[in-house]
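Peer 1: Below: one structure in structure tokens.
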Amino acid sequence: MRPALVVLALALLPLAACSTVTEAVKGPELAPVGYPAQLAPMTQQIMSPPPAASSNSLWRTGARAFFNDQRASKVGDILTVNIDIDDSATTKNQTSSSRTSNSSLGVPNFLGLESSLGKILPGGFDPANMVNTKSGNSNAGAGAVNRSEKISLTIAAVVSGVLPNGNLVIQGTQEVRTNTELRQLTVAGIVRPEDISSANTIKHTQIAEARISYGGRGDISRVQKTPAGQSLVEKFSPF
């Protein structure tokens, strides 16, 4: 079974390389429009169109009324997420330590053997100063962190699930391609129906378990990215 998997991997390797070469030449391709399957794979239900309005009636069966709540509440409904991140953090630490120690040991009298020790040990032996040590060390460290992040974006998300307590699971993806650079914004999380405004919008700060990703791929991202070999060396180097 394993040799078959190896052969299959070798057969698919040229296809992967071809895809990489194609993206390098033509730029990244947009993902197909559909349900955010990458975040939570699920089958979307296809609803049949409602019947036409009956005679002498302004409404067709299943139409929304003026006074119904138009906010997202069911699977498949859409709501707008306003992402406005303006965070900053500054941390500065400085430590220093030093230590100096001196010690000496002498045996002026030791059972009358101090004179005999001078014959055994090298010349210049002084029993009163047998051992004399001195040590000193110092340590100084400093570190600083200055971080600032600012993101202001708007994205439409889809209700992909309703929890037993009524909270809504939302997911949304947005892709924008400019020349050969593709930017992708992804948002996912859990919201309370009562936090959704009358305009059917919600702030990112009101999303629990929020997962917000903003990145991309293309020529610019590839140039800015650290080469794979250098990244591995920096990650696993013990020095």
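Peer 1: Could you run through the range 168-207 and say how many residues are under 25 Å from the mean Cα position of the chain (by Cα) and in contact (Cβ under 8 Å) with a residue 12 or more places away in the chain?
Peer 2: So the count comes out to 27.
A quick yes/no check of all residues on (1) surrounded by 15 or more Cβ atoms within 10 Å (Cβ to Cβ); (2) in the same structural domain as Ile170 (by TED's automatic domain parsing); (3) out of contact with any helix residue (DSSP H, G or I) (no Cβ under 6 Å at 6 or more places or on another chain); (4) of a type outside the set (Ser, Thr, Tyr):
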| position | (1), (2), (3), (4) |
| --- | --- |
| Gln184 | yes, yes, yes, yes |
| Ala188 | yes, yes, yes, yes |
| Ser197 | no, yes, yes, no |
| Thr205 | no, yes, yes, no |
| Arg211 | no, yes, yes, yes |
| Asp219 | no, yes, yes, yes |
| Arg222 | no, yes, yes, yes |
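Peer 1: Related question: Residues that are acidic (Asp, Glu), at least 1 per element: which strands (runs of 3 or more DSSP E) completely within the range 166-239 meet that?
Peer 2: So the answer is 168-178, 181-191, 208-218.
Peer 1: Given the criteria in contact with a strand residue (DSSP E or B) (Cβ under 9 Å, 6 or more places away or on another chain), among the polar types (S, T, N, Q) and exposed (fewer than 11 other Cβ atoms within 10 Å of the Cβ), does Asn146 qualify?
Peer 2: Considered against the rule, which asks whether it is in contact with a strand residue (DSSP E or B) (Cβ under 9 Å, 6 or more places away or on another chain), among the polar types (S, T, N, Q) and exposed (fewer than 11 other Cβ atoms within 10 Å of the Cβ), Asn146 comes out as yes.
The values are calculated or read from the model by the stated rules, or taken from the named source; none is laboratory data. This structure is a prediction, so every number in the text was calculated from the model and none was measured. Methodologically, a virtual Cβ is constructed for each residue, glycine included, from the backbone with ideal geometry; neighbour enumeration extends over all protein chains shown.
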